[in-house]
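Q: Can you read through this structure? Questions will come right after.
The values are calculated or read from the model by the stated rules, or taken from the named source; none is laboratory data. All values derive from a computational prediction rather than experimental measurement. Don't worry about glycine lacking a Cβ; one is built from the backbone with ideal geometry, like all the others, and counts go over all protein chains shown.
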Amino acid sequence: MFAEFYRKKLARRLLFDKSANDDHERSILTKLKQQCGGQFTSKMEGMVTDLTLARENQSSFEDYLNNNPLANPGIDLTVTVLTTGFWPSYKSFDLNLPAEMVKCVEVFRDFYQTKTKHRKLTWIYSLGTCNINGKFEPKTMELIVTTYQASALLLFNASDRLSYSEIMAQLNLTDDDVVRLLHSLSCAKYKILNKEPNTKNISPTDQFEFNSKFTDKMRRIKIPLPPVDEKKKVIEDVDKDRRYAIDASIVRIMKSRKVLGHQQLVMECVEQLGRMFKPDFKAIKKRIEDLITRDYLERDKDNPNTFRYLA
């Protein structure tokens, strides 16, 4: 459990530039590796390496734009390319981007294809941030927002008034994401949008307008999204990873032994996984049953407490 929580926090530090430096992160990972083994830290070490490669990739992208001025979208764009296997899983939706952002995606895709044609880019817009200028009547302000928030705000360049359902349809997001982003823009500290009715909750019948009279003493403000329950997601991810680990351990043992009793299989599985986590006996039994239904194992016809390897 600790490993997954640490990996989530490490990912946030690395992706949002909140880490002291890479050497500091590597030093901690080295100590964790000495205590817990290489399997414990392998993904996290990959994440730190990924960020180094991503910076080099960004530098190459900037050189590409300098050498191809006609391709430049006119927007400062930073893209962090990551290796899927190292990082925590993130939601990936086909967000309907504003035209300005579509151009950015296309330019980077063209650049990336000059480096490799065998890798597919999956855009994680939920992790993106944007700096946009809000032209309010009192003054122009710089808004630091997420890609979702920016996409919603830019809809109001073409429409004076939009309903909840119209925003949801135009962005192609889930109800949960639309509620979170609209709450942050109309009900929280910075009311960039006016909402009717003027309540503290978001409803599917709400209507929204750009608040042209919005002002703040600062010229640059960051508008956060409401926090999500990361703990629940981490626990779900840990349970999923542990199921895979138990399956892999059982298959390794049975592939080697061919025939083995239930008690011996459980004990060897516990011993194999001991450095990663302490597997529950009930969980191992459940995974054995699942592997039987998937034709990896079968019960001995004469002794149901003995298993045979099939695959």
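Q: Could you list all residues from the range 78-90 that are under 19 Å from ASP237 (Cα atoms) and touching a residue at least 60 places away in the same chain (Cβ under 8 Å)?
A: TRP87, PRO88, SER89
Q: Counting just the residues of the range 75-116 that are within 15 Å of the chain's Cα centre (by Cα) and polar (S, T, N, Q), which one comes out modelled with the highest pLDDT?
A: That would be THR80.
Q: Now for a different question. So which pairs qualify, if the first residue must be in the range 104-133 and on the phi < 0 side of the Ramachandran plot and touching a residue at least 40 places away in the same chain (Cβ under 8 Å), the second must be of a type in the set (Lys, Arg) and in a helix (DSSP H, G or I), the Cβ gap must be under 7 Å, and the two must be at least 6 apart or on different chains?
A: These pairs meet every condition: LEU121/ARG109.
Q: Right, next: When you go through (1) farther than 30 Å from THR41 by Cβ; (2) not in a loop (DSSP other than H, G, I, E, B) one by one for LEU97, which number turns out not to apply?
A: Here LEU97 clears every test but (2).
Q: Here's something else I'd like to know. What do you reckon, is THR215 surrounded by fewer than 19 Cβ atoms within 10 Å (Cβ to Cβ), among the β-branched types (Val, Ile, Thr) and closer than 24 Å to ASN133 by Cβ?
A: Here the answer is yes, as THR215 does meet what is asked.
Q: If we keep just the residues of the range 123-163 that are within 16 Å of LEU15 (Cα to Cα) and polar (S, T, N, Q), which is nearest to the chain's Cα centre (by Cα)?
A: SER126
Q: Do we find a residue being in contact with a Leu (Cβ under 9 Å, 6 or more places away or on another chain), surrounded by 14 or more Cβ atoms within 10 Å (Cβ to Cβ) and part of a helix (DSSP H, G or I) anywhere in the range 272-289?
A: Yes; the residues of the range 272-289 include at least one that is in contact with a Leu (Cβ under 9 Å, 6 or more places away or on another chain), surrounded by 14 or more Cβ atoms within 10 Å (Cβ to Cβ) and part of a helix (DSSP H, G or I).
Q: I want to confirm something. Restricting to the range 295-311 and keeping residues that are loosely packed, with under 11 Cβ neighbours inside 10 Å and closer than 24 Å to LYS240 by Cβ, which single residue is modelled with the highest pLDDT?
A: ASP295
Q: For the range 61-77, check the following and say yes or no: at least one residue is β-branched (Val, Ile, Thr) and either surrounded by 13 or more Cβ atoms within 10 Å (Cβ to Cβ) or touching a residue at least 12 places away in the same chain (Cβ under 8 Å) (or both).
A: Yes: the range 61-77 contains one or more residues that are β-branched (Val, Ile, Thr) and either surrounded by 13 or more Cβ atoms within 10 Å (Cβ to Cβ) or touching a residue at least 12 places away in the same chain (Cβ under 8 Å) (or both).
Q: Name the residues in the range 1-53 that are part of a helix (DSSP H, G or I), of a type in the set (A, V, I, L, M, F, W, C), at pLDDT below 85 and within 17 Å of the chain's Cα centre (by Cα), would you?
A: ALA3, PHE5
Q: Only residues that are closer than 18 Å to GLU4 by Cβ, of a type outside the set (S, T, N, Q) and surrounded by 12 or more Cβ atoms within 10 Å (Cβ to Cβ): list them for the range 22-45, please.
A: GLU25, ILE28, LEU29, LEU32, LYS33, CYS36, GLY37, PHE40, LYS43, MET44, GLU45
Q: Then there's this: What pairs come out if I take residues in the range 6-18 that are within 14 Å of THR41 (Cβ to Cβ) and pair them with residues that are charged (D, E, K, R) whose C-beta lies under 7 Å away, six or more apart or interchain?
A: Short answer, once both residue conditions are applied: ARG7/LYS43; LEU10/GLU25.
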